[in-house]
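A short worksheet on the structure shown next.
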Amino acid sequence: MPRLLIAASGTGGHIYPAMSFADSLSNSWEIEWLGVPNRLEIELVPKKYNLTKLKVGGLQGNIFRKLFDICNLLFSSIRVSILLRQKKINVVFTTGGYISAPSILGAKMSGIPILLHESNAIPGKVTRLLGRFCDHIALGIPSAADYLPGCRTSFTGTPIRSGFLLDESLPPWAPHGDGLLIVVMGGSQGAIKINEMVRNILPWLLEKGCRVIHLTGENDCFYKNFNKVNTHPQLAVRKFSDEISALLRNADLVISRAGSGAISELMVTKTPSILIPLPTSADQHQELNAAHMARYGGAIIVNQHDPEKDILKNTISNLIDSNYLKEMKSNMNNYDCQNPENKIFEIINSIS
């Protein structure tokens, strides 16, 4: 049986697509996983796959720190090369981030084919610097190819958890009824600025008859005082939910950041959205992710702003008072992003 090393670490944006792809392989490949200590993969990966941890980081700080990190990268790459031979790995699959650099270099040293998956509209630093050493780069958003001259690329879409492919009913705790259902989410850590923007217009939304599910994240003071304020039957406030797929499938509109994970989930569930890109995202990749969705007519971009301004309120008001929300839903239904796992699997077979 062929053996695959998956190098994915750090954030859900790197780990969840890799796990979704690994799960799709069933029993056709043996899977080894390479990660970093004290990151999210420590909690998720060992439940399913054998995890090897490698201490590695980015090039940060002063010149002496960067020289140390470069030496550590070279040492880590040698360790990866040894690991690949010991584990008799046939192909390396990585999803970007710090762990990708030694994985790519180590595979190159060992002559083992490498497939890199880039989920954002603008590739990360590792992808831009080392993508030329990969045999193929799979793209979650087609326009990323513009930043990878000389690299062999294919648009595959981004794998997501299988639950997003199912038609699920709205959870019992969510507000049911006929009003427009709006789901607000800021990513795995929440987004305080989005929370403030939404909180400022909550009375107006409820007055308009909207149902609102607000996922605030754990650090938001509104959630901590939730028992004192959650008295409206059309409002549900939670710090997070593990039923995101059901929420998105039943939502009429989502208000969200524009990370690659959220973008992929919205594409698959065909849900119209208002995207508020994180202004400090690396290389402004969230703005480009949002622009991709807007280009297909499935999203409206609203820049992060002072909660007292009426920009978000006016945007939602225009959607409610016109037919454009239905047009956005139709546009999303016309967007083809099916079977990214199969497309990635085909590439792996072609390079192995």
On the basis of being modelled with pLDDT of 80 or more, loosely packed, with under 13 Cβ neighbours inside 10 Å and assigned by TED's automatic domain parsing to the domain that holds Ser9, does Lys53 make the cut?
no
Single residue of Val268, Val254, Val302 found to be buried (at least 16 other Cβ atoms within 10 Å of the Cβ), modelled with pLDDT under 90 and of a type in the set (Val, Ile, Thr):
Val268
Let me confirm something: among Ala138, Ala191, Ala174, Ala145, which residue is touching a strand residue (DSSP E or B) at 6+ places or on another chain (Cβ under 9 Å) and free of Cβ contacts under 8 Å to residues at least 12 places away in the same chain?
Ala145
Per the filter on segment 153-170, residues aliphatic (A, V, I, L, M) and either without any contact (Cβ under 8 Å) to a residue 12 or more places away in the chain or outside any loop (DSSP other than H, G, I, E, B) (or both) are Leu165
Of everything in segment 1-44 that's acidic (Asp, Glu) and out of contact with any Gly (no Cβ under 7 Å at 6 or more places or on another chain), which residue is surrounded by the most Cβ atoms within 10 Å (Cβ to Cβ)?
Glu32
With (1) farther than 30 Å from Gln234 by Cβ; (2) assigned to a loop (DSSP other than H, G, I, E, B); (3) in contact (Cβ under 8 Å) with a residue 24 or more places away in the chain as the list, and Gly150 as the residue in question, which single condition is left unmet?
(3)
If Gly106 satisfies all but one of (1) modelled with pLDDT of 95 or more; (2) in a loop (DSSP other than H, G, I, E, B); (3) of a type outside the set (Ser, Thr, Tyr), what's the number of the condition it fails?
(2)
I need the full set of residues from segment 242-282 which are polar (S, T, N, Q) and under 16 Å from the mean Cα position of the chain (by Cα), in order please.
Ser245, Ser256, Ser260, Ser264, Thr269, Thr271, Ser273, Ser281
Note on segment 109-124: residues farther than 13 Å from Leu73 by Cβ and either part of a helix (DSSP H, G or I) or of a type in the set (Lys, Arg) (or both) are Ser110
Out of Glu308, Glu346, Glu327, which single residue is at negative phi and outside the structural domain of Ile182 (by TED's automatic domain parsing)?
Glu346
When residues of segment 320-352 are limited to those that are of a type in the set (A, V, I, L, M) and within 26 Å of the chain's Cα centre (by Cα), the one farthest from Arg249 (Cα to Cα)
Ile351
Some residue of segment 70-93 being modelled with pLDDT of 90 or more and within 23 Å of the chain's Cα centre (by Cα):
yes
Answer yes or no as to whether Thr153 is under 20 Å from Ser245 (Cα atoms) and either surrounded by fewer than 18 Cβ atoms within 10 Å (Cβ to Cβ) or of a type in the set (S, T, N, Q) (or both).
no
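The values are calculated or read from the model by the stated rules, or taken from the named source; none is laboratory data. A quick note: this is a predicted structure, and the numbers were derived from the prediction, not measured. All Cβ positions, glycine included, derive from the backbone under ideal geometry; neighbour counts span all protein chains shown.
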